[in-house]
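Q: Below: one structure in structure tokens.
Since every read-out is calculated from the coordinates, none of them should be taken as a lab result. None of the values given here were measured: they were computed from a predicted structure. Note that we place each Cβ from the backbone using ideal geometry, even for glycine, and neighbour counts take in every protein chain shown.
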Ligand code: PMP
């Protein structure tokens, strides 16, 4: 991965090599940070970089910060402007990933959330595919369980919670799979290690409800809206049983990093016919047009970085 040249750190844009914290930093020791992950898409014809739904990402970041008792006053608009300034300083002309982070910055011993100072950092770097086999991923059902809302809220993008995601991902990859599906304590399908899940079964597009310990995914929300507007398919948000993913016709992940990744095998069983299905294929096409500013009607989802 190429490291960023710059970072927004302690209130200004500095060389990335100067954006450093001490080893006693609270968030580094106790996982008390909230983060976001968004993408910028390069449109070569327009010579424009479009950030995908930054307002929604920053709204979710501020919600995660609220769960962690952070008193963070920056608005969604000012965070978006800061991000644009950083991207302009980097003068990117390619697809990028953007990583904002709000973290408990005190250097001290003591497990708590209150009475600590919060700092914001943002950096960005060139970024391609996250799941290499994005049209034919092979997943397993993880032996780990998804963290519960009463353990570490999965609807918050909280740094410490990603130890759960890392356990899920590493065991899946070391067992030869591309990714994993993870179950709730009650045994229903929740999501992937860092992506939401959709299934097509009996002609219906199905995804678990937001109360199933999933992150409130912005790509999930976008896929639901695109499907409702552009595809002739019934949409259901309902619980998904483990064996349904063995019997369904299509399965795919949505996520900022994963974008729309088709799953074609679960635990060595083919999904549907064993190749990417028509709904995933069409959603991938539409999504790619939307994020690059090539589809009319979705202009309010994308924010241009460069002034024209
Ligand atoms: N679930 C988890 C656990 C994630 O980390 C992510 C990535 N942010 C997602 C789902 C997908 O969310 P989004 O579409 O907003 O990136």
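Q: Remind me, what semi-axes does the chain give for its equivalent ellipsoid, largest first in whole Å, using sqrt of 5 times each Cα gyration tensor eigenvalue?
A: Taking √(5λ) for each Cα gyration eigenvalue gives 32, 25, 17 Å.
Q: Something else now. If you take the square roots of the eigenvalues of the alpha-carbon gyration tensor of the stretch 1-122 and sort them as a ≥ b ≥ c, do you get rounded (a/c under 1.5), prolate (a/b over b/c) or oblate?
A: prolate
Q: Would you kindly state how much longer the chain becomes between residue 221 and residue 249 on full extension, computed as 0.36 nm times their sequence separation minus their alpha carbon distance, in nm to one decimal?
A: Working it through step by step, the gained length comes to 7.9 nm.
Q: With a point put 7 Å past each Cα toward its Cβ, work out how far residue 43 is from residue 12 in nm, to one decimal.
A: For the pair residue 43/residue 12, the computed spacing is 3.5 nm.
Q: Between residue 175 and residue 229, what FRET efficiency follows from the Cβ-Cβ distance if R0 is 45 Å, with the result rounded to 0.05?
A: Once rounded, the FRET efficiency stands at 0.70.
Q: Using Cα springs under 10 Å in a Gaussian network model of the chain, which residue among 111, 131, 291 shows the largest mean-square fluctuation?
A: Result: 111 has the largest fluctuation of those listed.
Q: Continuing with this model, one more query. Running Debye on the stretch 121-207 with equal point scatterers at the Cα sites and no solvent, what base-10 log of I(q)/I(0) appears at q = 0.13, 0.27 Å⁻¹?
A: -0.49, -1.38
Q: Mind checking which of 24, 286, 86 has the largest fluctuation in a GNM of the chain, springs on alpha carbons under 10 Å?
A: 24
Q: Quickly work out the residue 94-to-residue 242 label distance, labels modelled 7 Å from Cα along the C-beta direction, and quote it in nm with one decimal.
A: Modelled inter-label distance: 4.2 nm.
Q: Please compute the length gained on full extension between residue 81 and residue 63, using 0.36 nm multiplied by the number of residues separating them and subtracting their Cα-Cα distance.
A: Value of the extension gain: 4.6 nm.
Q: With everything on Cα atoms, drop me the angle between helix 278-291 and the longest principal axis of the chain, reported from 0 to 90° to the nearest 10.
A: The angle comes out at about 20 degrees.
Q: Counting DSSP beta bridges with both partners in the chain, what percentage is antiparallel, nearest 5?
A: 80
Q: Next up: Quick one: of the DSSP bridges fully inside the stretch 137-291, what percent are antiparallel, nearest 5?
A: 60
Q: Something else now. Using only Cα atoms, locate the centre of the stretch 18-94 and the centre of the stretch 250-285, then give the distance between them in Å, rounded to an integer.
A: After rounding, the separation between the Cα centres reads 28 Å.
Q: A further question follows. By how many degrees, 0 to 90 and rounded to 10, does the Cα axis of helix 76-90 deviate from the longest principal axis of the chain?
A: So the helix axis and the longest Cα principal axis differ by about 80 degrees.
Q: Something else now. Using the Cα gyration tensor of the stretch 1-69, with a ≥ b ≥ c the square roots of its eigenvalues, what is the shape: rounded (a/c below 1.5), prolate (a/b larger than b/c) or oblate (neither)?
A: Verdict is oblate for the stretch 1-69.
Q: Using a Gaussian network model on the chain with a 10 Å cutoff between Cα atoms, which of 76, 182, 21 fluctuates the most?
A: With Cα springs under 10 Å in the chain, the top fluctuation among 76, 182, 21 is at 21.
Q: By its C-alpha gyration tensor, with a ≥ b ≥ c as the square roots of the eigenvalues, how is the stretch 212-308 shaped: rounded for a/c under 1.5, else prolate for a/b larger than b/c, else oblate? Walk me through the numbers before you get to the answer.
A: Values: a/c = 2.11, a/b = 1.92, b/c = 1.10.
Because a/c hits 1.5 or more and a/b exceeds b/c, the stretch 212-308 counts as prolate.
Q: Relative to the longest principal axis of the C-alpha atoms of the chain, give the angle of the C-alpha long axis of helix 54-67, reported between 0 and 90° and rounded to the nearest 10°.
A: 80
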